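Note sheet for the following structure.
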Amino acid sequence: MLEKSAPPIRILGISAYYHDSAAVLVVDGKAVAAAHEERFTRKKHDACFPKNAVAYVLAEYGLAIDDLNAIAFYDKPFLKFERLLETYHMLAPRGLKSFFMSMPVWVKEKLFMRRNIWKGLEKATGGKITKRPPLLFPEHHLSHAASAFYPSPFSKAVILTVDGVGEWATTTICAGDGKNISILKEMRFPHSLGLLYSAFTYYCGFKVNSGEYKLMGLAPYGRKGSKCVASFKEKILGELISLKEDGSITLNMSYFTFATSDRTCDDRKWQILFGIPPRSAESSLTQEHSDMALAIQEVIEDIMVTLAKTAKKITNADNLCLAGGVALNCVANARIRQANIFKNVWVQPAAGDAGGALGAALAGYHIWLDKEREVRNGDNDEMSGSYLGPEFSSINTERVIRKYGASAKKYENFENLANDAAGFIADGQVVGWMQGRMEWGPRSLGNRSILADPRNPEMQKKLNLKIKQREGFRPFAPSVLEEDAAKYFETDKQSPYMLFTVPVAKGRRKALPPESLPLFERLYTSRSDIPAVTHLDYSARIQTVSKKTNEKYWKLINFFKEKTGYGILINTSFNVRGEPIVCTPEDAYRCFMRTEMDYLVIGNFVFNKKNQPEFSNEMFNLKLNELD
C-alpha cells in the first residue's frame, strides 16, 4: 500500500490597523499568495482589516478558514498598548490631547484584537466561522526578522530590522540559524532611526509613512560637501541625536513631538536650529531643503553601515538580511553592500509593515510549529520573484472592453506582441504593461509597470508630469537584462527587487551641470546615454531581470535590445500619484485613459490610445455589472 503523505500546513498571515494592511498565505513554509489591501480598495496605504486580500489568498488555493492550521497577526497589541500608556505617563501632562483621542480607539477596538480579527475574517469569507484555528501574535520585529530570514537563500545569517516602532523595539539585530531566530540586541522607543527620518520627511514637505522615498529621491539635489550640508549634519549629530559607537542612537526628545501628538517634530525649535522653515506640501522646493534631505540621508546611511558592522562584530556572519521600513532605503542598502562587510546582503522586497504578514506566518510555521527549513544556499530566494498577487484571464479584459466600448488588438502569439510593444517603446511611446500575477511589495517589477525608453532625454519630464502626475524631480528606475547589467552599471550583483542603487558605468556618463544652476535646470540636463534613469549623482535604482523569474518581461526587454542595442527599459509603477498600483484589468484601463500613456498591454491585448472612446467621468463611474 502507498503511504499517505502528510496534509499541507497552511498558515494565514495578517498585518492591519496601522498602515499598509496585507494578507499572505504560507503553505508548508513557502509564500504562495500575498497582496496589499490597498490594491483592492484603491485607498493608498489602506490600514483597514485586509478582508479583500484575505479573500484573495484563500480563494487562490480554494481554502476556507477551517482549512488553516493557524492564523498569525504581525504584532502584539497588548505590548503596544503598554508602550503607549507608559509613554503618556512618563511625558504627562504633555500629550493629554493625544491621549484622549487615542484611548477610545484602543479601548473600543484595538484591545479586542482577537474579536476584531475574527469579525474581519467573517467579512472576508462571507460566513460564520465555527471552527477557529489557533491565533498567533509574534512580536512586530520578530515578524520583520522572519520575513527577511526565512525566504532568504541563507541557512545562517544576521538579521537587521530597522523601522519606526513596533511594540517597543525600533531596531533589532537577530541571529538566524536554520529554523531558529534569536534576538541579540535591540534599540527601544522613542529612540528610532525610522522616526528620525520621518521627521525630516515631514519637515521637507512630504507625507509621513508614504513620502520617505521622496525624501531619498530629493537628496541627490543637495550640494554634496557644501558648507550648508555639513552644517545640517553637524546640527543633526550635535543637537538632534546622540550617536554611539555601535550605531544605536538617543534622540533629543525636546525637538520631537511624535510621542505625544500626531506631529513628528517641534517646528519652532527646528526652524531656530536649522534656519529654514518647514516646507509646506506642494510648495516650491528650495536648495536648502534639498541640502537638508542630503544631510539626513548621509546620516542615515552612515548609521546603517555602523549597525551592519555591529551585527558583523556580534555574529561574524557571512550573510545579512534586512527588513523594516528603513530597509526600503535603497541608497543605504547600497552603502552596506559597497562596504563589503558581508559576502551577501538580501532585503525582503516587502520590507515594510505589509511584509510583517509574511513574517508572522513564517514564524508560526518555523517557530510555533517547529518546522525545519529547506534552504537552497544559492542566489535564488523563496519569494517567487515577488509575483504573488492576483492574475486575470482574457475574460476579465474582454469584460472591460465591453464595458467601456474600448478597442484592442488581440494577439495569438506573445512573441509578436512583445516585439510590437518593444517597437512602440523604441519609437518614444509610453506603454502600460500588465502581465501575470501582481507584485508583492511597493515596487512594480514588470507585471504592473509603465515602460519607456531610457535613452530619451525628455522622458523623465514626460513621465513625471504627464503620466505619473507627480513631482518633476522624482527619478525613475531601470529594468535591465540580468546578463547585461554590467554593461550599464558598476555592479556584479543581482538586484531583482529594486532595493539597491548602483552607479552608472563611467564610460556612459556625461559631465554634470554646475550646482549653481536652479534645481530643475540641473534635473533636465542629460547625464549619460541612458539619461532618463540616471539620477543627478550618477546613481540608478536597478532591477535585474532574469529569464527564469519573469520570462515575458525578459523577452520584451530583449526585443527592445534587438531593435536599439540597449537591453534596458524605464520601469515605473503602474499608477498615478496618490493611487495604489493597479491590480485588475479595469484598474489598468482606467489609469491608461486618465493619463497620456500611448499604449496599454493587458495579457494578449494591446490598446492604442488613438483608437479608444473619448474619456468621460460618467463613463468611468459605470458599474461593471451594468454591461455584463
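The values are calculated or read from the model by the stated rules, or taken from the named source; none is laboratory data. Not measured: the values here are computed from a predicted model. For neighbour counting, all protein chains shown are included, and Cβ atoms are generated from backbone atoms with ideal geometry for every residue, glycine included.
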- Query: Out of all the residues in the range 476-501, which are out of contact with any Leu (no Cβ under 8 Å at 6 or more places or on another chain) and part of a loop (DSSP other than H, G, I, E, B)?
  - Reply: GLU490, THR491, ASP492, LYS493, GLN494, SER495, PHE500
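Can you confirm whether the range 374-393 contains a residue that is of a type in the set (S, T, N, Q) and outside any loop (DSSP other than H, G, I, E, B)?
yes
Just a yes or no: is a residue in the range 380-391 of a type in the set (S, T, N, Q), on the phi < 0 side of the Ramachandran plot and modelled with pLDDT of 95 or more? Can you show your working first?
Our first condition is that a residue be of a type in the set (S, T, N, Q); within the range 380-391, this holds for 380, 384, 386.
Next, only the ones that are on the phi < 0 side of the Ramachandran plot stay: 380.
Next, only the ones that are modelled with pLDDT of 95 or more stay: none.
No, that holds for no residue.
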- In the set ALA55, ALA72, ALA47, ALA92, the lone residue that is surrounded by 15 or more Cβ atoms within 10 Å (Cβ to Cβ) and modelled with pLDDT under 95 is ALA47
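Quick check on the range 112-133: of everything there that is of a type in the set (A, V, I, L, M, F, W, C) and in contact with a helix residue (DSSP H, G or I) (Cβ under 8 Å, 6 or more places away or on another chain), which residue is modelled with the lowest pLDDT?
Of all residues in the range 112-133, those of a type in the set (A, V, I, L, M, F, W, C) come to 112-113, 117-118, 121, 124, 129.
Checking which are in contact with a helix residue (DSSP H, G or I) (Cβ under 8 Å, 6 or more places away or on another chain) leaves us with 113, 121, 124, 129.
Details: MET113: 80, LEU121: 95, ALA124: 94, ILE129: 90.
Checking each candidate, the answer is MET113.
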- Message: For ALA311, only one of the following conditions fails: (1) of a type in the set (Gly, Ala, Ser); (2) at pLDDT 95 or above; (3) part of a loop (DSSP other than H, G, I, E, B). What is its number?
- Response: (3)
- From ARG263, ARG188, ARG268, ARG279, grab the single residue that is in contact with a Cys (Cβ under 7 Å, 6 or more places away or on another chain) and over 17 Å from GLU301 (Cβ atoms). ARG279
- Please identify the pairs in which a residue from the range 315-334 that is within 25 Å of GLU139 (Cα to Cα) and among the polar types (S, T, N, Q) has its Cβ atom under 7 Å from the Cβ atom of a residue that is at pLDDT 95 or above and in a helix (DSSP H, G or I), counting only partners at least 6 apart or on another chain. ASN329/ILE300; ASN333/ALA327
- Task: Consider ILE272 carefully, then state whether it is hydrophobic (A, V, I, L, M, F, W, C) and without any contact (Cβ under 8 Å) to a residue 12 or more places away in the chain.
- Result: yes
- Query: Quick one: what pairs do we get from the range 475-501, first residue free of Cβ contacts under 8 Å to residues at least 60 places away in the same chain and farther than 24 Å from TYR221 by Cβ, second β-branched (Val, Ile, Thr) and outside any loop (DSSP other than H, G, I, E, B), C-beta under 7 Å, 6+ apart or different chains?
  - Reply: ALA485/THR544
- Please determine, by comparing only the residues of the range 307-351 that are of a type in the set (Val, Ile, Thr) and touching an Asp or Glu at 6+ places or on another chain (Cβ under 7 Å), which one is farthest from GLN543 (Cα to Cα). THR310
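For the range 446-453, indicate whether the set of residues that are of a type in the set (Gly, Ala, Ser), in contact with a strand residue (DSSP E or B) (Cβ under 9 Å, 6 or more places away or on another chain), farther than 24 Å from SER155 by Cα and assigned to a helix (DSSP H, G or I) is non-empty.
First pass over the range 446-453, keeping only residues of a type in the set (Gly, Ala, Ser): 446, 449, 452.
From what is left, the residues that are in contact with a strand residue (DSSP E or B) (Cβ under 9 Å, 6 or more places away or on another chain) are 446, 449, 452.
From what is left, the residues that are farther than 24 Å from SER155 by Cα are 446, 449, 452.
Then drop every residue that is not assigned to a helix (DSSP H, G or I), which leaves none.
No, the conditions are met nowhere in the range 446-453.
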- Filtered residues of the range 17-56 (kept if assigned to a strand (DSSP E or B) and of a type in the set (D, E, K, R)): LYS30
- Query: So LEU536 clears everything in (1) at pLDDT 95 or above; (2) buried (at least 22 other Cβ atoms within 10 Å of the Cβ); (3) more than 22 Å from the chain's Cα centre (by Cα) except one condition, right? Which one?
  - Reply: (1)
- Task: Might you let me know whether the range 456-471 holds any residue that is in a loop (DSSP other than H, G, I, E, B), within 16 Å of the chain's Cα centre (by Cα), buried (at least 16 other Cβ atoms within 10 Å of the Cβ) and among the basic types (Lys, Arg)?
- Result: no
- Query: Is at least one residue of the range 225-238 modelled with pLDDT under 95 and closer than 30 Å to LYS30 by Cβ?
  - Reply: no
- Note on the structure: In the range 206-242, anything closer than 18 Å to THR170 by Cα and crowded, with 17+ Cβ neighbours inside 10 Å is listed as VAL208, ASN209, GLU212, LEU240, ILE241
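Report whether or not PRO442 is touching a residue at least 24 places away in the same chain (Cβ under 8 Å), in a loop (DSSP other than H, G, I, E, B) and more than 22 Å from TRP554 (Cα to Cα).
On the way: touching a residue at least 24 places away in the same chain (Cβ under 8 Å): yes; in a loop (DSSP other than H, G, I, E, B): yes; more than 22 Å from TRP554 (Cα to Cα): no.
Here the answer is no, as PRO442 does not meet what is asked.
Within the range 502-516, is there a residue that is buried (at least 22 other Cβ atoms within 10 Å of the Cβ), in the same structural domain as THR544 (by TED's automatic domain parsing) and either in a loop (DSSP other than H, G, I, E, B) or of a type outside the set (Asp, Glu) (or both)?
We begin by selecting, within the range 502-516, every residue buried (at least 22 other Cβ atoms within 10 Å of the Cβ); these are 502, 504.
Right, trim to in the same structural domain as THR544 (by TED's automatic domain parsing) and you get 502, 504.
From what is left, the residues that are either in a loop (DSSP other than H, G, I, E, B) or of a type outside the set (Asp, Glu) (or both) are 502, 504.
Yes: one or more hits.
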